[in-house]
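Here is the structure we will look at.
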Amino acid sequence: MRGLWREFAGLVLPVGCAGCGRPRTELCEECVRSLYAGGAQAAGRRRGPRRVRPSPAPPGLPRVYAAAAYADAVRAVLLAHKERGALALAVPLGGALAGAVRGLRPGRGPLVLIPVPSAPRAVAGRGHDPVRRIALAAARELRRCGTGARVLAALRQRRTVIDQAGLGARQRQQNLAGALEVVAGGKRLLRGGPVVLVDDLMTTGASLAEAARAVGEAGGRVTGAAVVAASPGAFEINWN
């Protein structure tokens, strides 16, 4: 019901660009270009998805490609979708995520996109699962462009973890260590193709490393990970 109300409200209330606030549009062309071309920080530099790696990187972190830096309009768009329920933004965010998946060059499909799961209480509080919604939009875009892809919600939290906000890299690793597992019956489905882990944002890489551990122990073949955005300040391979 909460998600339906948000969609209805978007039809009847004044709309401003989620990235810059420009009126009468949910996402202006300039902010779309920023999202797809690496963010505002990419102006005048090599554009598009690129490989990112936190420093220090957690053990077991696979190759990660990001569509953009987590800054400026890109940050605002992700927060609008995730926290304020601007559900239509899943489409451009999914397009950006599809570009990051293609940057991985994960091999012959069909690809299996596995979203990093949010805590059940977070999903309930937001009224939607933002990462899964973006992953579904990315899979549609990949298929539209000729790459077989499907979303498999194969992971779940098997124990409670505390809120990651404010935790450092080592604390996040400790918080998430052993926290994820493959759902019942998921092991057979993991053998359906190369696995790409997907998330909306990477900060320290702890969530992706834990997801890779859980999938690998269940017999899945993780070829890499893709995210919409990555924090630009602590990465060895950054937006320069």
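Since every read-out is calculated from the coordinates, none of them should be taken as a lab result. Owing to the predicted nature of the structure, the values given are computational and were not obtained by experimental measurement. Because the Cβ atoms are built from the backbone with ideal geometry, glycine has one as well, and the counts that use them run over all protein chains shown.
Quick notes on this structure:
- Each peptide in 182-194, 202-214 receives the mean, over its residues, of other Cβ atoms within 10 Å, and ordering these scores from highest gives 202-214, 182-194.
- Gap separating the Cα centres of the range 102-122 and the range 123-152, nearest whole Å: 9 Å
- Stretched out straight at 0.36 nm per residue, the stretch from Val91 to Ala184 would grow longer than its current Cα-Cα span by 30.5 nm.
- Inter-label distance, nm, simple model (7 Å from Cα along the C-beta direction), Arg121/Arg140: 3.3 nm
- Packing order of peptides 27-34, 132-139, highest average first: 132-139, 27-34 (average count of other Cβ atoms within 10 Å over each peptide's residues).
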